[in-house]
1. Just subtract the alpha-carbon distance of residue 27 and residue 243 from 0.36 nm times their residue separation and send over the number in nm, one decimal.
2. Which of 78, 56, 91 sits closest to the plus end of the dipole of the stretch 16-99, meaning its Cα is farthest towards the positive end, when Lys and Arg get +1 and Asp and Glu get -1 on the C-beta?
3. For a quick check: with amide H placed at 1.01 Å from N, whose amide H comes under 5 Å from residue 18's, ignoring anything fewer than 5 positions away on the same chain?
4. Per residue, how much accessible surface does the chain expose to a 1.4 Å probe? Answer in Å², no decimals.
5. Given H placed 1.01 Å from N in the peptide plane, which residues other than close sequence neighbours of residue 134 have an amide H under 5 Å from its amide H?
6. Going by accessible area, probe 1.4 Å, with all protein chains left in place, what is the ranking of 120, 255, largest first?
7. With each label point set 7 Å from Cα along the Cα-Cβ vector, what nm distance links residue 160 and residue 82?
8. Assign unit charges at the C-beta atoms only (+1 for Lys and Arg, -1 for Asp and Glu), then state the dipole size of the chain relative to its Cα centre in Debye, rounded to the nearest 20.
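The values are calculated or read from the model by the stated rules, or taken from the named source; none is laboratory data. This one's a predicted model, so the numbers in the text were calculated from it and none came from an experiment. Heads up, the Cβs are rebuilt from the backbone with ideal geometry, glycines too, and the neighbour counts pull from every protein chain shown. Heavy atoms of the whole protein, side chains included, go into the accessibility calculation; ligands, DNA and RNA do not. Shrake-Rupley method; radii C 1.70, N 1.55, O 1.52, S 1.80 Å.
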Amino acid sequence: MLVATEWLAAHLDDEDVAIVDMRWRGDGSGRALYEAGHVPGAVYLDWSTDIVDPDAPVAFMLAPPELFARAMEERGIGEHSAVVAYADEMGSGPFRLWWASRVYGHDNVHVLDGGFEKWTGEGRPVSTELPRPRHATWTPRATRRYAATTDDVAYADTRSDVVILDSRPPEQFLGEAVWFETGPIPAGPDGIATTLRGDIRAGRIPGAASLPATELYRDDLTLKSPEEIRAAAAAAGLTPGCSAIAYCGVGMSATALLFALHLAGFEDAALYDASWEEWGRDPERQVARG
């Protein structure tokens, strides 16, 4: 699941290796970062526009299978490619791509440990050359195994063997702010935050435990060991034999948490893709704060 910079450096020219730059900024400048310099041979993928469902009532939902497959093929990513995705600043794009590919029946996405910072910090090559398009075929094989719905989350609250994990920063878990792509938006005294998509309640799903995605990383931005991740999961109430449903603002940092849980041996873990973007706007759903 994790790829070291040493491995990628040794396999840059392999025909079956597809490198994906997923650096992202809320102002849309991620592609400019890519064009200014990227891992040689990498293609660019914007999680917020390239692999989302434009017709979904909830923002940033995963693209339907045909649209997702087209995004892969347009970037020369085939179903048999060994995909290595990276970001910077603890960006969750690579983990989102890992999760999405698994949802559609493929387990060929790997994440560059330490991201772009580790790559450049080691003095490894950076290129501004755009790779030539490669022919690729990517066939989706849909499964719900790694995706959870609102009803799944509500049902989980009635079970002692299912843990709901919130990967957002503490201030969002406590209901002091909400995630938005341009930056966190504080909530008012009434617990409501005003966004460009309308008002949304701040808070968390009742019964959810906090496990911020930022706690998964070491100081050098590599992921912590499986032992350390299991200890953090246990502190949040997730122990062997339990299953998990993770959520965040729009299903992003929660994919990093899912990735880490799978790395640590928790295979029965799913993403509530609609996350707080749906739950916080649904007046039928209860919200906890403080």
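1. Details: separation 216, 0.36 × 216 = 77.76 nm, distance 3.60 nm.
Additional length available on full extension: 74.2 nm.
2. 91
3. 82, 83, 84
4. 44 Å²
5. 76
6. Output order, biggest surface exposure first: 120, 255.
7. Taking the simple label geometry, residue 160 and residue 82 are separated by 4.6 nm.
8. Numbers: 25 positive and 45 negative charges, 65 e Å.
Result for the chain is approximately 320 debye, rounded to the nearest 20.
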